[in-house]
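Since the structure comes first, as structure tokens, the remarks are kept for the end.
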Amino acid sequence: MKIEKIVLREIPMKLKQPFETSFGITHHRRIVLVELIADGISGWGEVTATEGPYYNSETTDTAWHVICDFLAPALVGKCFDSAKSLATVMTSVRGHEMAKAALENAAWDAEARYRNISLQALLGGTQQSLPSGVSLGIYENADALLDRIALELIAGYRRIKLKIKPGRDVCIVRAVRNAFPNVALTVDANSAYTLEDLPTLKQLDEFGLDYIEQPLSWNEIYQHAELQRQLHTPICLDECIHSLRDAQAAVEMRACGVINIKLGRVSGHTEARKIEEYSRQKGIPVWCGGMLEAGIGRAHNIAMSSLPGFVMPGDVSASSRYWDEDIIEPEVTVTPQGTITVPQGPGIGFQVKRELIERLTVRSREFLFAS
Ligand code: OSB
Ligand code: MG
């Protein structure tokens with residue numbers, strides 16, 4: 001494939017409800033979309049960085065900068081035998097995984113469309129129906145949280161994940177567990193604790209959680225191993241895992257029993273597949289995390305989640321939980337059984353609403369191969 005053109009666009013998207021994590025509250029997303037044209041065919045990717053550097057070190061603006069000033073100029077005009085090989089040209093840029101992922105994933109979509117097959121087929125995905133879970137932000141009011149969970153369960157969702165932070169943890173989890181004794185329940189701390197919080201974290205063991213997600217520092221695999229030795233509940237690593245090598249280190253150190261794979265955080269489909277394959281061989285269950293994505297990011301998550309190692313419900317839920325209007329057609333929907341059906345059309349399998357995107361665009365940049 002020859003990369004003829006790359007177009008970057010930023011669109012604002014207002015969340016239906018604010019989303020609160022231990023690192024802050026999000027009301028509005030600023031989303032960067034990548035359109036990559038190879039051999040006359042457009043593929044699409046979405047930058048999953050948050051607006052501020054509080055989940056990881058990337059932001060909407062760092063991704064814009066790194067793509068415009070370094071990655072897009074390095075790629076445009078180049079030929080690749082497949083999307084798999086884009087990563088090799090981008091390794092000279094250190095970090096900035098989410099910026100790289102948007103480009104690489106756009107190339108995967110373009111390649112699948114070029115071959116007239118689904119992205120799922122190109123990736124080697126085997127599952128047609130994906131169990132879906134929801135991630136619920138921190139609620140001020142426990143009753144409001146319980147009401148919300150009841151609605152999510154009626155909608156069919158298979159797992160409830162609660163965001164926690166110090167002071168909003170054991171009490172909340174106890175209230176939810178008492179109200180819903182049998183629901184598959186997990187918590188996500190987004191790095192809000194330290195080993196000094198061991199007594200609190202140990203109390204979580206009594207609630208039969210499927211896992212505790214990223215309790216300790218975003219860059220501390222070693223201390224998670226120390227914590228895991230003292231907890232019965234499996235730890236699931238999110239923020240710490242950027243590559244296959246990180247996953248290997250975490251598993252070898254016994255720092256986790258579960259891995260959350262996020263396409264952006266691991267720099268795209270190529271690395272995500274390696275982590276999925278390694279985890280499957282090691283018997284470590286994986287699931288697909290979310291970053292409050294719009295439809296293009298969501299569609300890539302769906303294709304990735306169809307790989308066989310994705311055996312736990314993901315955070316990939318219906319478009320309508322986030323947006324009044326999504327940027328793809330049809331929107332992502334969830335069946336009454338709490339599953340998402342993997343689309344079989346070419347590429348990501350959803351139609352990109354180009355007119356809507358153009359209307360929303362607040363800035364754009366084009367990179368053209370000057371022959
Ligand atoms: O840690 O999984 C996380 C959202 C933003 C940043 C980090 C995380 C999240 C979520 C939301 O949990 C998942 C979703 O997209 O619904
Ligand atoms: Mg997380």
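The values are calculated or read from the model by the stated rules, or taken from the named source; none is laboratory data. No experiment lies behind these values; they were computed from the predicted model shown. Positions of Cβ are backbone-derived with ideal geometry, glycine not excepted, and every protein chain shown enters the neighbour counts. We work out accessible area using only protein heavy atoms, side chains counted, and drop any ligands, DNA or RNA first. Shrake-Rupley method; radii C 1.70, N 1.55, O 1.52, S 1.80 Å.
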Using only the alpha-carbon atoms, what does segment 277-371 span along each of its principal axes? Please give whole angstrom values in decreasing order.
47, 40, 24
Carbon and sulfur atoms account, in whole percent of the 1.4 Å probe accessible area of the chain, for 51
Show me, for segment 12-22, the HN-Hα J-couplings you get by feeding each phi into the Karplus relation (A = 6.51, B = -1.76, C = 1.60, θ = phi - 60°), rounded to Hz, glycine and proline as x.
x, 9, 8, 5, 4, 10, x, 10, 9, 10, 5
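Taking only protein heavy atoms and a 1.4 Å probe, what accessible area per residue, in Å², does the chain have with all protein chains in place?
Values: 14660 Å² over 371 residues.
Result: 40 Å² per residue.
Per residue of the chain, what 222 nm ellipticity follows from adding -39500 (n - 2.57) for every DSSP H run with n ≥ 4, rounded to the nearest 500? Provide the component values of the computation, followed by the final result.
On the way: 13 runs with 117 residues, N = 371.
Roughly -9000 deg cm²/dmol at 222 nm, from the helical runs in the chain.
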Helix 295-305 sits at what angle to the longest principal axis of the chain, using alpha carbons and giving 0 to 90 degrees rounded to 10?
70
Given labels modelled 7 Å from the Cα in the Cβ direction, how far is it in nm from TRP218 to SER129?
3.8
Nearest 10, in degrees from 0 to 90: the angle of helix 269-282 to the longest Cα principal axis of the chain is 40
Where Rh is the Kirkwood radius over the Cα pairs of segment 82-125, the temperature 20 °C and the viscosity 1.002 mPa s, what D in µm²/s does Stokes-Einstein return?
195
Under 11 Å, Cβ to Cβ, from PHE207 - net charge with Lys/Arg +1 and Asp/Glu -1
-2
Net length gained if the chain between HIS232 and ARG148 were fully extended (0.36 nm per residue, minus Cα distance):
27.4 nm
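Longer than 27 Å from Cα to Cα, which of LYS165/LYS274; LYS14/LYS78; LYS2/LYS274 are they? Say none if no pair is.
Details: LYS165/LYS274 32 Å; LYS14/LYS78 36 Å; LYS2/LYS274 25 Å.
Over 27 Å Cα-Cα: LYS165/LYS274; LYS14/LYS78.
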Counted charge near ILE221, where neighbours are those whose Cβ lies closer than 11 Å (Asp, Glu -1; Lys, Arg +1):
-3
Work out from phi, with θ = phi - 60° and the Karplus expression 6.51 cos²θ - 1.76 cosθ + 1.60, the ³J(HN,Hα) of each residue of segment 128-133, listed in order in whole Hz, and give x for Gly and Pro.
9, 9, 10, x, 10, x
Could you work out the local net charge near LYS84, counting Lys and Arg as +1, Asp and Glu as -1, over the other residues with Cβ closer than 12 Å to its Cβ?
-2
Can you work out ³J(HN,Hα) from phi for every residue in segment 158-170, in order, using Karplus 6.51 cos²θ - 1.76 cosθ + 1.60 and θ = phi - 60°, giving whole Hz and x for Gly and Pro?
9, 7, 10, 10, 9, 6, 10, 8, x, x, 10, 10, 4
